[in-house]
1. On a full-extension model of 0.36 nm per residue, what is the gain between residue B:779 and residue B:149, subtracting their alpha-carbon distance, rounded to one decimal in nm?
2. Would you mind working out the accessible area per residue for chain A, using a 1.4 Å probe, and quoting it in Å²?
3. In terms of the ratio Rg/(2.2 N^0.38 Å) built on C-alpha atoms, what value belongs to the stretch B:499-703?
4. Taking every Cα atom in the stretch B:87-236, find the radius of gyration and the maximum pairwise distance Dmax, and write them in Å.
5. Taking the Kirkwood radius as the inverse of the mean 1/r across Cα pairs, report the Rg/Rh of the stretch B:666-806.
6. Count charges around residue B:255 for me, please; just the other residues with Cβ under 13 Å from its Cβ, Lys/Arg as +1, Asp/Glu as -1.
7. Could you size up the charge dipole of the stretch A:1-143 around its Cα centre, putting +1 on the beta carbon of Lys and Arg and -1 on that of Asp and Glu, and report it in debye to the nearest 20?
8. Can you give the Kirkwood hydrodynamic radius for the stretch B:1-65, in Å, rounded to one decimal and based on Cα pairs?
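The values are calculated or read from the model by the stated rules, or taken from the named source; none is laboratory data. These numbers were taken from a predicted model, which means no experiment stands behind them. Cβ: placed from backbone, ideal geometry, glycine included. Neighbour counts: every protein chain shown. Surface accessibility is based on the protein's heavy atoms, side chains included, excluding ligands, DNA and RNA. Shrake-Rupley method; radii C 1.70, N 1.55, O 1.52, S 1.80 Å.
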Amino acid sequence: MPVWGYRNEATSARSLVAFHQIEGLYVDRGVTFSELKGTLVAFAKQFYGSSIKYRFRPSFFPFTEPSAEMDITCFICGGKGCRICKHSGWLEVLGSGMVHPHVFKAVGYDPEIYSGYAFGMGIERTALLRYNIDDIRILYENDVRFLKQF
Amino acid sequence: MKVSQNWLKQFVDFDFTPDQLNEQLTMLGLEVESYEDLAKKYEHFLVGEVVERVKHPKADRLSVCKVNIGDAIQEVVCGAPNVAAGQKVVVALVGAVIPHNQHDPEGKPFRIERAKIRGVESNGMICSELELGLGKDASGILVLDEQATAGTPVAEYFHQTDVIYEIGITPNRADCLSHIGVAREIGSLVNRKLKMPETVLKESGEPASNVAKIEILDADKCPRYSARIIRNITIGPSPKWLQDILTGVGIRPINNVVDVTNYVLMETGHPLHAFDFETLASRRIIVKTAAQGEKFVTLDGKERTLTSETLMICDAEKPVAIAGVMGGANTEITGTTATVLLESAFFNPQSIRRTSKYLGLSTEASYRFERGTDIELTVAAVNRAAAMIQELAGGELLKGVLDVYPKKREPVMIKARVSRINSIIGLSLQKEQIVSLLQQIELPAGSSSQDEILVTVPSFRNDILEEIDIIEEVARMYGYNNIETKTRAAIDFSSHVRTDLLQDQIRNFLIGAGFNEVLAIGLQDEATMALAGKPLVKAVNPVSAEMAAMRTSLVPSALRIVQHNRNHGVKDLRLFEIGSIYELYTDKSPNTLDAYHEEERLLLLLSGQNVPVSFGSASREVDILDLKGEVSAFLSKFCLDNYRFIYYDNQESLCEPCMGITINGVNAGFAGRVRQQIAQSLDIDEPVFVCELKMRSIYDGWGRDRKFSPLPKYPGVLRDLAFTIEAALPQKTVEDVIRKAGQPLCANVVLFDMYSGQQTGSGKKSLAYALEFQSPDRTLTEKEIDDTLKKIIEAVQRQCNGVLRS
């Protein structure tokens, strides 16, 4: 059940201070980074359409390693670069990574036996991409002309 | 962090285009947030020579200049007082974007177009320093030196050939907070070793240890402190190249000594600090924590209150700097400083982070110290700075580095298992491949046993502490996007609609709208089912005559429910049902399965009063517009605007009048008033309104692929129009004609009045519409609206024979 999350971030056309967050965690024997990619790609194709382009970028989160951020082609400019994607042609949709061995140790799981992956994404950013909304702030302006469209 | 491409190229050769480097660094985890190509910024700017200047015929303050731009002579109108023939100037030609508009309070850039200025054609603009973004002078045009060649691109003339990248460095990669650090990552891409800057020191005979002494009293917070002393220097502004390179990466030039420390900071990532040596009491540096509550004035002139946790650099009498954060005003480099002590230390990252947070003061130095600098780099960094200062400010470099290093760094050796690397990433790399991948990023690795490699972690990589960190480096060097994408679970790629969930939503919506859900049995008596006017689907072996025929429509059984309720005195009904119907194709043999078709339908039914009788509001019988309203509300919710009502004559044997409904252009059902004789056959003498929709159409039309349409920024303008037309002509026809004729400005059409009576004449009706005119990109003019209204009126007259009522 996604709930309100808060973070220290400058509000912009693509980022909010308050947002809703979905988290996923999968732990088993022999879970690999390759499967993390597979699962997230399957999600992205199902959710955004099978023709989307995506990429995984190395990143840093204290609780996962290796860590990755997933980008998909910007829906507004189709990858040419615009205000929303900060002219990169890509939009970050989620953060993810392999559960850090320290996390397993802290909860009494042996990281030599278990491995796993985790991911998190803000629903608002997801909604932008899905519904072609070019400014995330409109979600909380509660303009009825906007609300009526959904 | 801002990074200069030219600077990077001092350390590693590469020939990526800015776009390629952007992509490559980003894929290594050094996210390029933006870049600025300075050469592009000065596209269409050329060096020009003013060959003739005459006064503008119609304006005293303007001049008309003929400017030689190498391969042509262009006429340019110029308003600057200082323009004169013979000058070499900067000409912005058509297409150039002036970086700074000096007539705009915000200085917003603008594009040069071919223009006539007071009747004289101008093919460009001669620019001032401010307009070029190269300085603050706006009093007149910038005059270049005489040696400049007409026709030279300005980017070349000003050596503005750099590309500046803005890179977001993740907190773990302190080693990348410098040009050498970023160059090392690029080196891993092109498989080249870094060319490190060469430092040539010219030391004098006097040892530095003769004139100064360094003591560390808190070795946990300061494991190493290195310093050098330079005497008899001349403080002054830095040369232009140094000022330019610092400005390029966002650092304000101050003087030659401070600029060198900043230069070395940006080059090596190691923060340095320069003290005015003469101000240090007893020529001593003592590194110790402050007294609780002690006050100290930093370089920025602010007084700070310290805690007993704050590490300070002190002399024999007083604190002189907040270690790793900011120097003190009492020992800062001034125009008269003759001797400097250059500090190059390593501070404990946690200690600096706490101090920086506590003081609310973050600097280029604290930012790097709190992430972890390279403890083995202190001497190289101070030597680099000393050599540069000597070159730029002269002076005598005392012999030797004062280097106090009480807590030596232990070598970090990490064992990494090949099997573990492969099992976490999901690869099957050989040991040799892994070793070679690690060597690409300067992580020397050797084989220690069959399944194990031993990595020697260099001192600049203080983020690598254990096996999992090595695994990440392997994954990074292998390339995240080269790692296979697979899943062990089966994942459904089809865009299957969860019909059960959608049905629940539909039920909740209708219940919320005041409907009661009914459920009728799928088998009815033949007489009831005959009302549907379709071939009967009979049970082969019915249990009773009451259950002899399957439903071919949900309407007849619903009429039975109305009848039952009326018999019990309940006449005001709002009912819905989701159920299956069964149809028989008469062109197929009734004994084969092919002849039958089953599908799910939704039925809505209204009868009686539109609102319950209550105090203060009048009630009335429901009518077909109530039904249309309910159906619209429902379909707007579930199928957005993908549905249409179509008027047609009597195609449905159950209803008269009747409307067809389409969803996404496909027939989805009907809505109308149950024929009077059918209702009366069940003793129902009040009107009953029904709508039957195919559930499949609702599922298919379910508005999942909705896209946002931007909200209009400019206000809409409202106008009303009324027409008299033939009574038989449906209003929808008129509305469509209006919408079409009103393109593209007419954004909305609403029928707000319908009247027929004496004033319209018999066989006629009057329709009144409210029209809204709107444009996404401008406020409309009166004329634009009037023109569109005229087109609409003509179209309605021509196509609907409508007469405008005035």
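1. Length gained, residue B:779 through residue B:149: 221.9 nm.
2. 48
3. Details: Rg = 17.0 Å, N = 205, 2.2 N^0.38 = 16.6 Å.
With N residues counted in the stretch B:499-703, Rg over 2.2 N^0.38 Å equals 1.02.
4. 25.4, 78
5. My calculation of the ratio gives 1.09.
6. Charge balance in the 13 Å sphere: -2.
7. 460
8. Values: mean 1/r = 0.0630 Å⁻¹.
One decimal place: 15.9 Å for the Kirkwood radius.
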